[in-house]
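Comments concern the structure below.
Just so it is clear, none of the values below were taken in a lab; they were calculated from the coordinates. The structure displayed is predicted, hence computed values, not measured ones. Quick reminder, even Gly has a Cβ in these numbers, built from the backbone with ideal geometry, and neighbours come from all protein chains shown.
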Amino acid sequence: MPKKILFIEDDEGFFNIFSVPLKMKGYDIVHVSDGSLAVEKVISEKPDLVLLDIVLPGTSGLDVLKELREREETKLTKIVMLTNFGSDDNIARAMEYGASDYLMKYNIVPSELPSKIAGFLGETQESVVKVTES
Amino acid sequence: MQVYILNILVIVESILLLITSLILFSKTRNLTNLKKYEEALINAQAEQQAKENDFFPMLVHELRAPLSVIQGAADLLIKSTEDLNAEQIHTLLNQIKISSSSLLEMVGEILDVSKMEGGKFQINKTYGSIEDVLKEQCSYFEPVAKVRKVTLSCPKLEDLPSFSFDPERIKQVLNNLISNAIKFSLEGGSIVITSKKDYGFVRIEVVDNGVGVADKDKPLLFQKFFQASNHKDIKEKGTGLGLVIAKGIVEAHGGKIWVEDNKPKGSKFIFTIPLR
């Protein structure tokens, strides 16, 4: 069973360049582009990991993160912020609300994202590939 | 008699002194006012500079985002050529095309504003029908509006004569106004574009029943880098130069552009172009 990633990102360009290598490594990607639909989708999809942008229409990524951490059913879900906005305040708030990590889009080479995700999920790259082949 | 004359002279001298003092006082007051104007001007310039400085990182961010996407997509295509399927290759190539177009558009906007500010902006007028331009832009935006669940209509009110204008630049104005109208409309909204003759001018209106423009934003709307933030569901994006360019283009034609409220809801962007 492939691991499921819920990717909350409203920029089609960033979604495409980051989701293609993740799909190639066998992850099941579910896309949400509106912040106000994010919490509901995390609850219904039960992903193994959430990739969460900050600037979103509807509800900001930080508010989504806060709400996910406050809800019983999502308080332990792994959430990685993937954003362009690296201000100290945003990073501090995201970590305070319980983000697993804070990644900057500009600093991540898309082809290297799967190995980072595998790390967050406690997998090795080989095991991810095996999931793809099975 | 001599004392009487002397007294009169003293009085006249006092009056003259009083007049001189009043003149001097008034001059000093003028100077104080001048100083105040100078200070206000310096403050306004500093405020504008501070605003531009604040928006500069935002502008760079807007340019950097499509560049990063292009770089990321190219990197994947080079490194993972053999692992990508045809659909993924198409997605990445298409993304490079979309992001580079958006980048080119933004660079074009920055160049246009720079030319306008330097007094070097020029339009290329040709004799033709503005109705054709309107029709073309309406057809272009209809599918976009449909996707956003907004209706777009361009009813013909009357026949307009042909005249000289720059069709590409007028398209740019219409593009900006229509895409803004779509962006600031909510699901189920409607946009109506009309054109008519108005005392030696052609008057074009782009009317929507969307979120409208807040009164406080109206004076800033045609200023550089201004981004309206009047609805929580509408994310601000872009360079904040679109309406500045639209104003520059309309004024280069000798026309005017402005915004009015569309009662009870929405906004009405109007521009006029002289019929000559």
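Would you pull out the residues with amide H under 5 Å of B:ILE191's amide H, same chain only if 5 or more places away, H placed 1.01 Å from N?
Under 5 Å from the amide H of B:ILE191: B:THR151, B:LEU152, B:SER153.
I need the phi-derived Karplus couplings for the range B:265-276: 6.51 cos²θ - 1.76 cosθ + 1.60, θ = phi - 60°, integer Hz, Gly and Pro marked x.
My calculation for the range B:265-276 gives 8, x, 9, 10, 9, 10, 9, 10, 10, x, 7, 8 Hz in order.
Report the rotationally averaged projected area of chain B based on its alpha-carbon convex hull, in square nanometres.
Over every viewing direction, the Cα hull of chain B projects on average to 24.7 nm².
May I ask you to sort A:MET95, A:MET1 by Cβ crowding, counting other Cβ atoms within 10 Å and putting the fewest first?
The most exposed by this proxy come first: A:MET1, A:MET95.
On average, how many beta carbons from a partner chain sit within 10 Å of the beta carbon of a residue in A:105-115?
For this peptide, the per-residue mean of nearby foreign Cβ atoms is 4.
Note down the Stokes-Einstein diffusion coefficient of the range B:126-274 in µm²/s, whole number, using a Kirkwood radius over alpha carbon pairs, 20 °C, and 1.002 mPa s.
Calculated translational D: 138 µm²/s.
Compute and list, largest first, the equivalent-ellipsoid semi-axes of chain A from the alpha carbon gyration tensor, each √(5λ) rounded to a whole angstrom.
22, 16, 14
Name the residue farthest towards the positive end of the dipole of the protein assembly as shown from the options B:VAL244, A:GLY35, A:ILE8, assuming +1 on Cβ of Lys and Arg, -1 on Cβ of Asp and Glu, about the Cα centre.
Farthest along the dipole direction, towards plus: B:VAL244.
Straight-line reach from A:LYS41: which lysines have Cα under 21 Å away, leaving out those fewer than 8 places along the same chain?
Candidates past the 8-residue exclusion: A:LYS3, A:LYS4, A:LYS23, A:LYS66, A:LYS75, A:LYS78, B:LYS232, B:LYS235.
Which value, in debye to the nearest 20, describes the size of the charge dipole of the range B:93-234 about its Cα centre when Lys and Arg Cβ atoms bear +1, Asp and Glu Cβ atoms bear -1, and nothing else is charged?
Once rounded to the nearest 20, the dipole reads 180 debye.
If the reach is capped at under 12 angstrom between alpha carbons, list the aspartates and glutamates near B:LYS149, excluding any in the same chain fewer than eight residues apart.
B:GLU187
Relative contact order (percent) for chain A, with alpha-carbon contacts under 8 angstrom and 6 or more residues of separation?
With pairs under 8 Å counted, the relative contact order is 25 percent.
State the dimensionless ratio Rg/Rh of the range B:39-127 (Rg: radius of gyration of Cα atoms; Rh: Kirkwood radius).
Dividing the radius of gyration by the Kirkwood radius yields 1.21.
Translational diffusion coefficient, Stokes-Einstein: compute it for the protein assembly as shown using the Kirkwood radius over C-alpha pairs as Rh, at 37 °C and 0.692 mPa s, and state it as an integer in µm² s⁻¹.
Reported coefficient: 128 µm²/s.
Enumerate the amide H contacts of B:PHE163 below 5 Å, restricted to partners 5 or more residues apart or on another chain; note that Pro and chain-start residues carry no placed amide H.
B:GLY128, B:ILE130
If you take every residue apart from A:ASN107 with its C-beta less than 14 Å away from the C-beta of A:ASN107, what net charge results, scoring Lys and Arg +1 and Asp and Glu -1?
Here the charged neighbours net out to 0.
List nothing, just return the count: lysine pairs in the range B:6-142, 8 or more apart or interchain, with Cα separation under 28 Å.
Lysine pairs satisfying the spacing and distance rule in the range B:6-142 number 11.
Identify all aspartates and glutamates with a Cα-Cα distance to A:LYS25 below 13 Å; exclude those on the same chain that are fewer than 8 residues away in sequence.
The reachable aspartates and glutamates, counting only those whose Cα sits under 13 Å from A:LYS25, are A:GLU112, A:GLU123, A:GLU126, A:GLU133, B:ASP83.
Enumerate the calculated ³J(HN,Hα) couplings along the range A:114-121 in order (Karplus 6.51 cos²θ - 1.76 cosθ + 1.60, θ = phi - 60°), each rounded to whole Hz, writing x wherever the residue is Gly or Pro.
Result, rounded to whole Hz: x, 5, 5, 5, 4, x, 5, 8.
Helix hunt in chain B: which complete DSSP H runs extend at least 18 Å axially by C-alpha with mean Kyte-Doolittle at least -1.0?
Helix filter hits for chain B: B:2-79, B:86-117, B:130-147, B:167-183.
How big is the range B:93-211 in terms of Cα radius of gyration and Dmax, in angstroms?
In order Rg, Dmax, the Cα atoms of the range B:93-211 give 16.0, 50 Å.
What number, rounded to the nearest 500 deg cm²/dmol, is the helix-based mean residue ellipticity at 222 nm of the protein assembly as shown, given -39500 (n - 2.57) per DSSP H run of at least four residues and division by all its residues?
Dividing the helical sum by the residues of the protein assembly as shown leaves -18000 deg cm²/dmol.
For chain A, take the longest principal axis of its alpha carbons; what is the angle in degrees between that and the long axis of helix A:35-45, to the nearest 10 within 0 to 90?
50 degrees
Using only Cα atoms, find the angle between the long axis of helix A:61-70 and the longest principal axis of chain A, and express it within 0 to 90 degrees, rounded to the nearest 10.
The angle comes out at about 90 degrees.
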